[in-house]
Amino acid sequence: DTAELWRSLGGDPLLATQVLQALIEKIKTPTRTEGSITSEAEIDRHLAAAEPLSATCAIFEVVSALQSSKAVRELLPELFPVLLQQVSQTLGQKLPLPTRSSPSEIRKGLQLPEGNPCRLSIKALESVLFKGGNERLVRALRKQRTWTLVENPKTHHEGVCLLVRLLLRSGLITPEIIQSLLPWVNSPSENHRVTSTAFLAQLMSDPMLREKKFLKPVLHILEEKSHDRNSIVRQMAVRGLGNLVYGAPEKLKKHKKFLMVILIRALSDPFSSEVIGESMKAVAKVLKELKEKDIGSSFRDLTQEIRTYFDNEDDALRLWSFVLFGILARLTKRKWKGYFAEQVRQSWVTLLLHLEDPNPRVSVECRATFHLCVPFLGLKRLQTAVNEHLDGTAELKPEELQVDICRHLAKENAELLENLYKSTIMYFFSRWEEIRAVAVKLAGIILEHTDRQRMKWPNLDHLLMSLQFLKKDPSPSVQLVATEVLNDICPGRVLGE
C-alpha cells in the first residue's frame with residue numbers, strides 16, 4: 001500500500017519533483033542521535049537505519065511512475081550523490097536494521113521492506129539512471145555486472161570504478177556531483193571513504209578534473225588517503241595517482257617527484273599486498289611517460305624496492321616486479337647506467353631461474369626482462385648467444401640457454417661464472433619445486449663447464465650434501481634431477497668417501 005501511494009505521487013510531474021526533493025533532504029539530513037555515536041561499525045549500522053532506506057525505496061517508486069524524464073535529469077546532480085551515499089551506507093548490511101523511527105512512525109507505514117538493503121539502494125540508483133534517459137548506460141552496467149561488484153563489500157571499490165568509468169563515458173559526472181562527494185573522504189565511516197576514494201581514483205583518468213579546476217585538490221586528497229588506515233582506501237588512492245597519466249599527462253612531470261615519493265612508499269606497504277600491487281601498476285604507468293633524468297634520486301630506491309619482490313610468493317607481485325625492472329632497463333641510458341648494471345649483476349641469476357617460473361605469465365614477463373637486462377652485463381658474445389634463444393616467439397629451451405651461458409662465461413668471465421654458481425645453490429631450497437629443479441640442473445651445467453682443478457670456488461662437499469638431501473625432496477622431479485647431477489659429478493662415489 002505504501003509503495004502504491006508513492007507511485008501515485010509520481011503521476012504528477014510537478015508534484016513528483018517536489019516529493020523527490022523532499023526525499024533527497026530526508027536522506028541527507030542527519031538525525032539528532034548521530035553525534036553520540038563513536039565506533040565505526042555502529043556508525044555504519046546507524047546510517048543504514050530506517051528513514052533513509054525508506055526514503056530511498058520511495059524514490060524508486062516515484063521515479064518508476066514518472067511519465068517524463070525531465071524531472072530526473074534536472075535532479076540527477078542531487079539524486080546521484082545521495083543514492084550512491086545510500087549504496088555505500090548499506091553496503092554489507094542485512095535486514096532487519098536498527099531503526100531510527102519511533103513505533104508510531106512504523107505504524108504509519110514507515111517500516112523497512114524486506115531484502116538486501118544495499119540491493120534496494122542500487123535498484124533506486126539504477127531506476128534514476130534509466131528514467132533519466134540513459135537506457136544504453138543501464139544496459140552496459142548490467143552487461144558488465146557492475147551492480148554485482150558494487151553490492152559486494154570485497155569488490156565494491158572495483159564496482160565503483162567501473163560505474164564511474166561508464167558514467168564519464170555518458171557525460172553524466174558533473175562538477176556538482178564531484179563537489180558533493182569530496183567531503184566523504186574524511187568520513188568516520190570506512191564505507192564512505194572507500195566509495196569516495198574509488199570514485200576519485202577513476203575520475204583522475206578523465207581530463208574534466210583538470211578542466212574544472214579539481215585536479216589540485218584531488219591530488220592533495222589522494223596523497224592524504226594514501227596514509228589511510230583502511231587498506232582499500234590506500235589502494236584506491238595509489239590507483240588514482242597513477243591515473244594522472246591519463247587525465248592530465250601534461251602535468252605529470254610537474255608532479256613527478258610528489259608521485260614517486262608516494263608510490264615508492266606504497267611499494268613497501270606492511271599490511272596489504274593489494275596496495276603494493278596497485279603501486280607497481282601505477283609506477284609502471286608513470287615510468288612509461290618519463291625519461292631517466294626525470295626520475296632523479298628515486299631511481300635508486302625504486303630499483304632496490306622492486307628487486308625485493310622477485311622471489312615473492314604472490315604471483316602478481318613477482319610478475320609486476322619483472323615488468324618494472326624491464327621498464328627501468330629500457331629507461332636507463334647514462335646517469336644511472338653504472339648503478340643499474342650492478343643491480344643486474346646482483347639479479348641476473350634470479351631472472352635466469354625464473355625463466356622457468358611456476359606461473360607461465362610470470363615466466364613470459366621474466367623472459368622479456370632478462371632479454372633487456374643481459375646487455376648490462378657488458379659481455380657481447382654472451383649477449384649474442386642469449387639473443388639467439390630469446391629473440392622472436394620461438395619456444396624457449398632453458399637448458400640449452402643455460403649451457404650456452406655457462407660455456408661463454410667459462411671463456412669470457414670466470415668471476416661471473418663463480419657468481420652464477422654461488423647464487424644458484426642458494427635456490428636449492430626455494431619454495432617452488434620448479435625453481436629448485438632448475439637450480440640443481442644449472443649447478444650441474446656450471447660444474448660441467450668448470451675446470452675444477454683451476455677453479456677452487458666450487459665447494460664440492462657442501463654441494464654433495466645438498467644434493468643428497470634433495471634426493472629425498474617431496475617433489476619427484478627434484479629428486480630425479482638431484483640424482484642425475486650427483487651421478488654426473490662423481491659417478492659411483494659414496495658420500496663421505
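The values are calculated or read from the model by the stated rules, or taken from the named source; none is laboratory data. Fair warning: this is a prediction, and the values are worked out from it, not measured in the lab. Glycine gets a Cβ as well: all are built from the backbone with ideal geometry, and neighbour counts include every protein chain shown. To get the accessible areas, we keep the full protein, side chains included, count just its heavy atoms, and leave off ligands, DNA and RNA. Shrake-Rupley method; radii C 1.70, N 1.55, O 1.52, S 1.80 Å.
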*At 7 Å along the Cα-to-beta-carbon direction for both Glu412 and Lys94, put a label point, then send me their distance in nm to one decimal.*
6.5 nm
*Using +1 at the Cβ of each Lys and Arg and -1 at the Cβ of each Asp and Glu in region 174-223, identify which of Ala201, Val218, Asn191 lies farthest towards the dipole's positive end.*
Val218
*Starting at the first residue of region 284-295, write each ³J(HN,Hα) from the Karplus equation 6.51 cos²θ - 1.76 cosθ + 1.60 with θ = phi - 60°, in whole Hz, x for Gly and Pro.*
4, 4, 5, 4, 5, 9, 10, 10, 3, 5, 6, 7
*Probe 1.4 Å, accessible area per residue of the chain, Å²*: 48 Å²
*Gain in span if fully extended, Thr148 to Gln346, counting 0.36 nm per residue against the direct Cα distance*: 66.7 nm
*asked:* Treating only the Cβ of Lys, Arg, Asp and Glu as charged (+1, +1, -1, -1), what charge dipole size does the chain show about its Cα centre? Round to the nearest 20 debye.
replied: 1460 debye
*Going toward the positive end of the dipole of the chain, with +1 on Lys and Arg Cβ and -1 on Asp and Glu Cβ, which of Ala410, Thr332, Thr2 do you reach last?*
Thr332
*asked:* I need the P(r) histogram for the chain: all alpha carbon pairs, bin width 20 Å from 0 out to the longest distance, whole percents.
replied: 20, 39, 25, 14, 2, 0
_I'd like the carbon and sulfur percentage of the solvent accessible area for the chain, probe radius 1.4 Å, heavy atoms only, ligands and nucleic acids excluded._
51 percent
*Cα-projected label distance for Ser273 with Glu250, points at 7 Å along beta-carbon direction, nm*: 4.2 nm
*region 259-309: relative contact order as a whole-number percent, Cα under 8 Å and 6+ apart*: 40 percent
_Arg169/Lys397 FRET efficiency (R0 41 Å; Cβ-Cβ; nearest 0.05)_ = 0.35
_Whole-Hz ³J(HN,Hα) from phi, Karplus 6.51 cos²θ - 1.76 cosθ + 1.60, for region 417-426, glycine and proline x_ = 5, 4, 4, 4, 5, 5, 6, 5, 5, 5
*Sorted by packing (mean other beta-carbon atoms within 10 Å per residue), highest first, where do 215-224, 465-474 land?*
215-224, 465-474
*Relative contact order for the chain using alpha-carbon pairs under 8 Å, separation at least 6, rounded to a whole percent?*
8 percent
*asked:* Suppose the chain between Asp461 and Lys212 were pulled fully straight at 0.36 nm per residue; how much longer would it get relative to their current alpha carbon spacing?
replied: 82.6 nm
_Using a Förster distance of 22 Å, the FRET efficiency for Thr2-Ser69 (Cβ separation, nearest 0.05)_ = 0.35
*Given the C-alpha centroids of region 158-206 and region 347-385, what is the distance between them in whole angstrom?*
41 Å
